[in-house]
Amino acid sequence: MSELKEAKSSREAFAELYEEYLDRVFRYIHFRVNNTQVTEDLTSVVFEKALVNFGRYSSDKAKFSTWIFAIARNVVIDYYRVNVKKHAVPSEGLIEKPSEDPSPEDEVEQGEEVKKLQDCLKQLQWDEQEIVRLKFWAELNNRQIAKMLGISETNVGTKLYRAVKKLRSCVQGT
Amino acid sequence: MDRELREEREFSEHVDRLLAGEKGTVDEGESEEYRRAFSFARKIIRLRRQPSPRFKAELRKQLLLKLEERQEEQEERSKITLWEVFRSLVPKTPVWRGATVTVAVGVLAVLVIWGAGLFSQTPGTVTGPESTAMLGVPSTARLQLETSPSDALAHPAGEAFQVDIIFKNISADSITIDPYPPVIEIQEADTSDVVRSFAQGTDKREIAPSEGLIYMLVWDQKDDSGQQVDSGRYNVVISDVEVLKNAQAEDAFGGARPLVELVIQ
């Protein structure tokens, strides 16, 4: 009986965390690779790794968000390590047409804007890039970002504001 | 200066509210620059792509199925009790059973006499661990770490270092490194201060006896905050590797030591 209860709670716990974090992990990876098919594959890998290591996760050591985004970052890094040298990652907008989403015209326009944003982001310093990605796509708070990057919380706030200003200037050409 | 500091702090708070689904408005007193940045943050949020409901549902189903399979496997394993293991060791025929019990009693008797120190010339002075060592029972899994190149590497500032770290199993059994890769640090050679820490991975890797596993480390000469480090000597250090041997956690090797020196000119 207790085993059954434990099994049920473990299943429920993972299902709850999945519901809470899937969108954020997906968005974070999508912005990194800008391709829906690749994003779906990598998101699956992240959650499979989380599932396999779920028993080892300890909330005393880190929040679940910090833990799962550490996995997501490593999965994306591994993906680029293997794939980028072989061929360029296709950027979407022109090649994809998701069914539930905006019209094809909106889709193309949005894809181009994302591409422009990505290009401008690459011009920022490494830590500024990561702060922007972790804030807007992973929706982490400054404390969580600070912990992941090993810098102070105040520093995250400073760098975020400056990075967004730089991005805006770059995207809008001002 | 104060205004800038206040804006930096408020900006994060405003963005967090936007991300939480609140509408978010900027006070009248905020600067034009702040308003523009805030408006741009809104635009970034609009550009984010959502996963399709089909993908969400399929992945959820797939993961929960895997979770159930893993739980069933664990339950199956836990059913094999110590008693069942012992019973499986005892032969079925009466003759062999008798022989097995006789040998077991004999071994037990020898161990009791040995424990009492009767085999020693100075009774009572031989301790347990020393006895084990005398019998030559291996106490730990053995993992040897090497690098390629093994000699110090020198590069000008800004040029990435690439080092292959070889995890070599020098024991007689297969071992599993879990997690893989372990934490790898770049330390200043003189002070041992950690300038860059590469987080541990989430995989595990099995290594057969006498086999090796190669991990390619690339260091872009930057510290944990993304800044180029100063010229000087740095060491690649692995402080701990978690190893499983026959499903038991074991110490792989003792303590941190520099694997290779990297020199930035």
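The values are calculated or read from the model by the stated rules, or taken from the named source; none is laboratory data. Keep in mind that what you see is a predicted model, and the values were worked out from it rather than measured. Reconstructed Cβ throughout: ideal geometry from the backbone, glycine too, with neighbour counts over all protein chains shown. Remember, those area values only see protein heavy atoms, side chains included, never the ligands or the DNA or RNA. Shrake-Rupley method; radii C 1.70, N 1.55, O 1.52, S 1.80 Å.
Here is how the numbers come out for the structure above:
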{"read-out": "Hits in the range B:201-222 - residues which are surrounded by 18 or more Cβ atoms within 10 Å (Cβ to Cβ) and in a loop (DSSP other than H, G, I, E, B)", "value": "B:Gly201, B:Thr202, B:Gln221"}
{"read-out": "Identity of the residue in the range B:161-174, out of contact with any Asp or Glu (no Cβ under 7 Å at 6 or more places or on another chain) and either assigned to a strand (DSSP E or B) or without any contact (Cβ under 8 Å) to a residue 60 or more places away in the chain (or both), that ends up farthest from B:Ile264 (Cα to Cα)", "value": "B:Ala172"}
{"read-out": "Pairs with Cβ under 7 Å, 6+ apart, first in the range A:146-174 and in contact (Cβ under 8 Å) with a residue 12 or more places away in the chain, second open to solvent by less than 60 Å² (accessible area, probe 1.4 Å) and assigned to a loop (DSSP other than H, G, I, E, B)", "value": "A:Ile151/B:Ser225; A:Ala163/A:Leu124; A:Lys166/A:Leu124"}
{"read-out": "Hits in the range B:144-156 (condition: within 11 Å of B:Val263 (Cβ to Cβ) and among the aliphatic types (A, V, I, L, M))", "value": "B:Ala152, B:Leu153, B:Ala154"}
{"read-out": "Residues of the range A:46-74 classified as in contact (Cβ under 8 Å) with a residue 40 or more places away in the chain and not in a helix (DSSP H, G or I), total", "value": "2"}
{"read-out": "Selection within the range B:223-240 - open to solvent by 70 Å² or more (accessible area, probe 1.4 Å) and not in a loop (DSSP other than H, G, I, E, B)", "value": "B:Gln228, B:Arg233"}
{"read-out": "Residues of the range A:27-54 that turn out to be more than 8 Å from chain B (Cβ to nearest Cβ), closer than 20 Å to A:Phe136 by Cα and charged (D, E, K, R), as a count", "value": "1"}
{"read-out": "Any pair with Cβ under 9 angstrom, 6 or more apart, that starts in the range B:1-17 at a residue that is away from chain A (no Cβ under 11 Å) and ends at one that is open to solvent by less than 90 Å² (accessible area, probe 1.4 Å) and not in a helix (DSSP H, G or I)", "value": "B:Arg3/B:Ser31; B:Arg17/B:Gly24"}
{"read-out": "Some residue of the range B:18-33 being within 9 Å of chain A (Cβ to nearest Cβ), out of contact with any Asp or Glu (no Cβ under 9 Å at 6 or more places or on another chain) and open to solvent by 60 Å² or more (accessible area, probe 1.4 Å)", "value": "no"}
{"read-out": "Selected residue (criterion: nearest to B:Glu7 (Cα to Cα)) from residues of the range A:129-142 that are at the interface with another protein chain (Cβ under 10 Å from one of its Cβ atoms) and of a type in the set (D, E, K, R)", "value": "A:Lys135"}
{"read-out": "Residue in the range A:143-164 that is touching a helix residue (DSSP H, G or I) at 6+ places or on another chain (Cβ under 9 Å), at pLDDT below 80 and within 10 Å of chain B (Cβ to nearest Cβ) present", "value": "no"}
{"read-out": "Residues of the range A:19-64 satisfying the condition of being closer than 24 Å to B:Arg205 by Cα, modelled with pLDDT of 90 or more and of a type in the set (Val, Ile, Thr)", "value": "A:Thr43, A:Val45, A:Val46"}
{"read-out": "Residues satisfying the stated conditions in the range A:127-174, i.e. crowded, with 20+ Cβ neighbours inside 10 Å, closer than 22 Å to A:Asp23 by Cα and of a type in the set (Lys, Arg)", "value": "A:Arg133, A:Lys135"}
{"read-out": "Residue within the range B:37-44 that is more than 8 Å from chain A (Cβ to nearest Cβ), open to solvent by 80 Å² or more (accessible area, probe 1.4 Å) and modelled with pLDDT under 90 present", "value": "no"}
{"read-out": "Wholly enclosed helices (runs of 4 or more DSSP H) of the range A:122-174 bearing at least 3 residues under 21 Å from A:Ala72 (Cα atoms)", "value": "A:126-132, A:142-149"}
{"read-out": "Residue check for B:Leu64: at pLDDT below 90 and at the interface with another protein chain (Cβ under 7 Å from one of its Cβ atoms)", "value": "yes"}
